[in-house]
Amino acid sequence: MPPLYGVLVALGMACGVGVGWILAPRTGLSRKAFADVAFAALVAGLVGARLLFVLVEWETFRDLCLSGQDCWAAVKVWKGGLVYYGGLLSGLAGGLAWARIAGLPMADAAALFAVGQPLGHAVGRAGCLVRGCCYGQVQPGLPWALAGRHPTAVYEIIGEALLFALTLGVFLRETRRDRPRLWRPLGVYLGGYATLRFFVELFRGDALRGFVVRLDTPALAAALGLPPDVPVLFSVSQVLSLAVLAGVILAALLARGPS
C-alpha cells in the first residue's frame, strides 16, 4: 500500500474532525465533548469500514485461511481494504451512541458529523486516486479519462466537495435560527451522498466488490457509453445507497408529521 494513501486517508480524518472542532461552539457541544464523540465515531468507522470490506471479499479471506497462507489477513487493516459505506454508517452510529450514553445532544453531534464528513471523504478519496483503487470502467476515448478509465475517484472528490459546501451552508443557516433543526444537515449529507454514490457506481469498474443483483442492461450501458456487456446495476454500494436514501426520505416524512 503506497505510504501516501495512508497519509491522505489520515489527513481526511483530521480534516473532518477539524471542521467539527471549529464549528462545535455554534452548537450545544463543547469542543471537548465533540472530541469524545469524534473519537468514538472514528473507532467505530474504522471497524465498520474494514468489516464491510471483509464481508464483500469474504471468499478471498476464506481461501487465504483455508490454504494456510494467512488466517489473520482480515484484521490487517494496514495492508489496505476499507469500504466507505461501512465506515460512514458505523461511524455515525458509534458517534451518536456515544453522545446518547454521555447525555449529549445527539442532533448537535449529527450536524457536526454531517459537515465534517464530506470534506474528510474528499481528501481521503485523493488517496484512492494515488493508490489506483476504486477505479472506473475502461473508456479510452473519454476526454478526461485517467489511464483509459473513468476517474470515479475524481467524481467523488468533486461531489463530496460540493456536499461539504452545501451541508456547511445548511448548518450555518440552522445555527442562526432561534430553534435550529440540526438533524437537517445530516439528512442533506446522507441523501446527497447516496444519490452521488449511486450514479458514480454506474461508472465503477471494480466489479469484484460485488453485485447484490446483476441485471442484464445492455441498453443502459450503451447509453452511458460503456460496452453492452458491462454490468451497471445493482452493486452492493448502489443497494446501500437506495436503502440510505429511502431512510432519509422516510425520516423527513415522519419529521413533518401529519398534514
- line: Expected field for residue 198, accessible surface area in Å² at 1.4 Å probe radius, rounded to 10, holds 40 Å²
task: Report the label-to-label distance for residue 60 and residue 249 in nanometres (one decimal), using points 7 Å from each Cα along the Cα→Cβ vector.
output: 3.3 nm
field: Distance between segment 44-68 and segment 71-115 - C-alpha centres, whole angstrom
entry: 18 Å
message: Using a 1.4 angstrom probe on the protein heavy atoms only, could you order 5, 135, 155, 189 from most to least accessible area?
response: 135, 155, 5, 189
- line: Sorted list, accessible surface of protein heavy atoms, 1.4 Å probe, largest first, for 63, 108 is 63, 108
statement: Taking protein heavy atoms only, a 1.4 Å probe, and rounding to whole percent, the accessible area of the chain owed to carbon and sulfur comes out at 70 percent
- request: Pick out the long, greasy-scoring helices in the chain: whole DSSP H runs spanning 27 Å or more along their own axis by Cα, mean Kyte-Doolittle at least -1.0.
  value: 3-23, 31-56, 106-131, 152-175, 236-256
- request: Give me the accessible area per residue for the chain, probe 1.4 Å, as a whole number in Å².
  value: 51 Å²
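The values are calculated or read from the model by the stated rules, or taken from the named source; none is laboratory data. In this text the structure is predicted, and so the values were computed from the model without any measurement. Glycine gets a Cβ as well: all are built from the backbone with ideal geometry, and neighbour counts include every protein chain shown. For the accessible areas, the whole protein counts, side chains as well, though only heavy atoms, and no ligand, DNA or RNA atoms are used. Shrake-Rupley method; radii C 1.70, N 1.55, O 1.52, S 1.80 Å.
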